[in-house]
Amino acid sequence: MKSQPFEFPVLNPDWPLPSGVKSVITTCQGQPAGAQGKLLNFLDDSDACRQQVLRNRRDLAGQLGLTQPLPWLAQEHGIRVVDAVDAIKHQSPLNADACVSRTPGLACVIQTADCLPVLFSSDDGSVVAAAHAGWRGLVAGVLGATVAAMAGEASAISAYLGPAISKQHFEVGGEVREAFLAKAQQTDRLSTEACFVPSKTRPGHFYADLYQLARIQLRGLGVTRIYGGDFCTYADTERFYSYRRQAQTGRMASLIWIES
């Protein structure tokens, strides 16, 4: 007997998109008992789990009215950007951390659970993108690589910062701070340094502001219209998965697409 499609609860990002461009972010609300975060990501190697995840991914595309499969990526905290058309041609997900689409009905999708999802749209609605920006990806330059792949004027691009772990809960070692300072432009060094607040309980550790670090980088690239950045995946237990909170957990999917 065929199971009923799962209806994914979603957030609708609050930002001014051009006509014909849509974006949504899934949440952990309404997850069936016993699913253990397996709705969209493979948390074990069992065939039953993989088949269910594939069905759920198809259900999500159908729920959003998308005419083409979703180009899921094998994310690895790098800076590779792929075209959504190329991504859906492969049997297995491409190793990449950002996706660009110019094809109506073909979305960009990334998964996160504390890392920062960043959605992009050109002002004319001709190209959209999504990037997986944890601290490693930010340091490496995933946002710059994504903006470059969109192949347009950065001033004609807007960005949305989706649910990520907030500064109050994102404790990192001193090496993370040093990595950001080493890559920061000279004009951004002081503002970058201000994104790290020393821990009062762990010497040599800091609380890092992923949202502000991303804003600094985006502005440096010429992207000045930046929205979102007011969530905390760690603290909001009702809506979001958090790797720091649960270790083995599910993922939110952040999607953007041009309507057919």
Checklist entry - Considering the chain, which cysteines have no disulfide-compatible partner, defined as another cysteine with its Cβ under 4.7 Å away? => result 28, 49, 115, 195, 232
Checklist outcome for this item: Of all stretches in the chain that avoid GluC sites (Glu not before Pro) placed in a DSSP loop and having at most 15 other Cβ atoms within 10 Å, the longest is 154-237
Item to check | Anisotropy class of region 47-183 from Cα gyration tensor, a/c 1.5 cut | outcome: oblate
Checklist entry - Using 7 Å Cα-to-Cβ label points, what is the residue 76/residue 102 separation (nm, one decimal)? => result 2.7
Next on the checklist: Per 0.36 nm of contour for each residue apart, how much would the distance between residue 124 and residue 19 grow if the chain were fully extended, relative to their Cα-Cα spacing?
Outcome noted: 37.0 nm
Checklist outcome for this item: Pseudo-spin-label distance residue 230 to residue 136, built 7 Å along Cα→Cβ, given in nm, is 3.2
Item to check | Percent antiparallel among DSSP beta bridges (both partners in the chain, rounded to 5) | outcome: 80
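So, for the chain, what is the accessible surface per residue at a probe of 1.4 Å, expressed in square angstrom?
For the chain, the solvent-accessible area averages 47 Å² per residue.
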Checklist entry - What percent of all Cα-Cα pairs in the chain falls in each 5 Å bin, counting up from 0? => result 1, 6, 13, 18, 20, 17, 12, 7, 4, 1, 0, 0, 0
Next on the checklist: Below 12 angstrom from the Cβ of residue 13, what's the summed charge of the other residues (Lys, Arg +1; Asp, Glu -1)?
Outcome noted: -1
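Just subtract the alpha-carbon distance of residue 85 and residue 7 from 0.36 nm times their residue separation and send over the number in nm, one decimal. Don't skip to the answer; put the middle values down first.
Working: separation 78, 0.36 × 78 = 28.08 nm, distance 2.60 nm.
Result for the pair: 25.5 nm of gain on full extension.
What is the gain in length, in nm to one decimal, between residue 181 and residue 63 on full extension, counting 0.36 nm per residue of separation less the C-alpha to C-alpha distance?
Working: separation 118, 0.36 × 118 = 42.48 nm, distance 4.27 nm.
Length gained, residue 181 through residue 63: 38.2 nm.
Take the alpha carbon gyration tensor of region 132-260, find the square roots of its eigenvalues, order them as a ≥ b ≥ c, and report rounded if a/c is under 1.5; if not, report prolate when a/b exceeds b/c, else oblate. Please list the in-between numbers first.
Working: a/c = 2.17, a/b = 1.16, b/c = 1.87.
Oblate, because a/c is 1.5 or more while a/b does not exceed b/c.
At a Förster radius of 41 Å, what calculated FRET efficiency corresponds to the Cβ-Cβ distance of residue 191 and residue 260, to the nearest 0.05? Show your work: numbers first, answer last.
Numbers: r = 41 Å, r/R0 = 1.00.
Calculated value: 0.50.
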Next on the checklist: As I understand it, the dipole of region 92-216 uses +1 on the Cβ of Lys and Arg and -1 on the Cβ of Asp and Glu, about the Cα centre. Which of 186, 106, 128 lies farthest toward its positive end?
Outcome noted: 186
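The values are calculated or read from the model by the stated rules, or taken from the named source; none is laboratory data. Worth saying up front: this structure is predicted, and the values here are computed from it rather than measured. When we count neighbours, we look across all protein chains shown, and the Cβ atoms used for this are built from the backbone with ideal geometry, even at glycine. Remember, those area values only see protein heavy atoms, side chains included, never the ligands or the DNA or RNA. Shrake-Rupley method; radii C 1.70, N 1.55, O 1.52, S 1.80 Å.
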